[in-house]
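Presented below is the structure to which this report refers.
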Amino acid sequence: MPDSDLPHRDAHPEALVPQGAAFFPVENPGPTRAYAFVLVPGFTLLAFSSAVEPLRIANQLSQQPLYQWRLLSEGGATVPSSSGITLCTDGPLAPQHRDTRLFVCSGNPARAAAAAPVVALIQRHARFGGTVGGICTGAVALAAAGLLQTTPFTLHWENQPAFCEDFPDLAPAATMFEIAPKVMTCGGGAASTDMMIALIERDHGAEFAAMVSEMCLRKVMVGVDAAQRSALSVLIRSRNPGLIAMVARMKAHLEDPLPLAELARVSGYSRRHVERMFLNVLGETPGDYYRGLRLDHGRNLLSTTDMALLEVALACGFSSVAHFSRAFRTRFGLAPTKFNRRLARGAG
């Protein structure tokens, strides 16, 4: 029998059942459910705490040990978060009982989640039938472990462009979270809470999960708005369907920019009307706005990937490094090589 099947005491520390004023009984709760969180250096503290707190609240509300959790890290060392706050862990990376839900909690740099010991632990847990998950950029570890080919998944929208460069055969969803039978992922931040409340609902019913949500001061029903990002109409402060269609098409064609005539044709307006509409609503010409979207995409790739400068330029629809660099400096006030010191060292 593999040791992941052995319910040894070290795998599941005692559950925390704090006192509280609110109370919601849970009948027939079943066995205590165990979680283990692998903290990767640079993990997002908000995403991690947003995942743990619903479990603590569930125990507090029910006054029963519904959940227990432990923190793991390489060598059992303390782990710095992206905010600089360091957390102690309960022990080193080690095989967990098969019934434990094992989550990788990471942030930036996203590739830190793909550290060999972390990937090996995730692969082993999945191989013995355990459930695995990724919080924020934790999906990178799952992808490196080969566990995302046949299941829906997501990660934070900021890191999706770089993820798609590293794993071109995998397509993350734009949703807040994804729960499959053995693989669970979320975009981090408040999405961690939403995912955990959804799991609590599956474990103990909708009414109890709604009370946990109330305790988290989340009044919006989980799952009503599944998208990570606000609607495009909100982001551009307009409900004009023609303008929304043009901006959406721009976003879909960052690598191969479309001419204004094509964008106008999609909207059903004249070129002159399109120019007036962009200036009135967005304060920019269509060309300037489109170039800004492409340069923002380039800045993201420079921040989150190891792509060469030429590769980044081409991915943003620029035909040369010189053209991209001039436009980048104009928008951001510094050259791409100054923004990314690794590129500067390579150029030297």
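Only residues of region 34-59 count here: report those whose backbone N is under 18 Å from the spot 7 Å along Cα→Cβ of E207, or say none.
58-59
Please work out the FRET efficiency for the pair D288 and L310, using the Cβ-Cβ distance as r and a Förster radius of 25 Å; give the result to the nearest 0.05.
Numbers: r = 24 Å, r/R0 = 0.96.
That gives a FRET efficiency of 0.55.
Quick one: of the DSSP bridges fully inside the chain, what percent are antiparallel, nearest 5?
Numbers: 7 of 31 bridges.
Beta bridges within the chain, antiparallel portion: roughly 25 percent.
Cα atoms only, region 79-163: Rg and Dmax in Å?
Final numbers for Rg and Dmax: 12.8, 36 Å.
Which residues in region 274-300 place their backbone N less than 11 Å from a point set 7 Å from the Cα of N240 along the Cα-to-Cβ direction?
Only 274-284, 286 pass the distance filter.
What dipole magnitude, in Debye to the nearest 20, does region 3-215 give about its Cα centre under +1 on Lys/Arg Cβ and -1 on Asp/Glu Cβ?
On the way: 11 positive and 19 negative charges, 68 e Å.
Value, rounded to 20: 320 debye.
For the chain, calculate the relative contact order in percent as a whole number, restricting contacts to Cα pairs under 8 Å that are 6 or more residues apart. Before the final figure, lay out the partial values.
Values: 611 pairs, mean separation 43.3, N = 348.
Worked out over the chain, it gives 12 percent.
By how many nm would the segment from T150 to I179 lengthen if fully extended, with 0.36 nm per residue of separation less the alpha-carbon distance?
Values: separation 29, 0.36 × 29 = 10.44 nm, distance 1.29 nm.
The T150-I179 span can extend by a further 9.2 nm.
In debye to the nearest 20, how big a dipole does region 232-347 give about its Cα centre with +1 on each Lys and Arg Cβ and -1 on each Asp and Glu Cβ? All intermediate terms of the calculation are to be shown ahead of the outcome.
Working: 18 positive and 9 negative charges, 66 e Å.
In total the dipole reaches around 320 debye.
Given only helices, namely DSSP H runs of n ≥ 4 each adding -39500 (n - 2.57), what is the per-residue ellipticity at 222 nm of the chain, to the nearest 500 deg cm²/dmol? Walk me through the numbers before you get to the answer.
On the way: 15 runs with 153 residues, N = 348.
That comes out to -13000 deg cm²/dmol.
Could you give the length gained on full extension between S325 and E262, defined as 0.36 nm per residue of separation minus the Cα-Cα distance, in nm? Don't skip to the end; give the middle numbers.
Values: separation 63, 0.36 × 63 = 22.68 nm, distance 2.65 nm.
Here the answer is 20.0 nm.
Give the angle, between 0 and 90 degrees and rounded to the nearest 10, that separates the Cα long axis of helix 286-304 from the longest principal axis of the Cα atoms of the chain.
40 degrees
Since every read-out is calculated from the coordinates, none of them should be taken as a lab result. All figures in this text were calculated on a predicted structure; none of them were measured in a lab. Methodologically, a virtual Cβ is constructed for each residue, glycine included, from the backbone with ideal geometry; neighbour enumeration extends over all protein chains shown.
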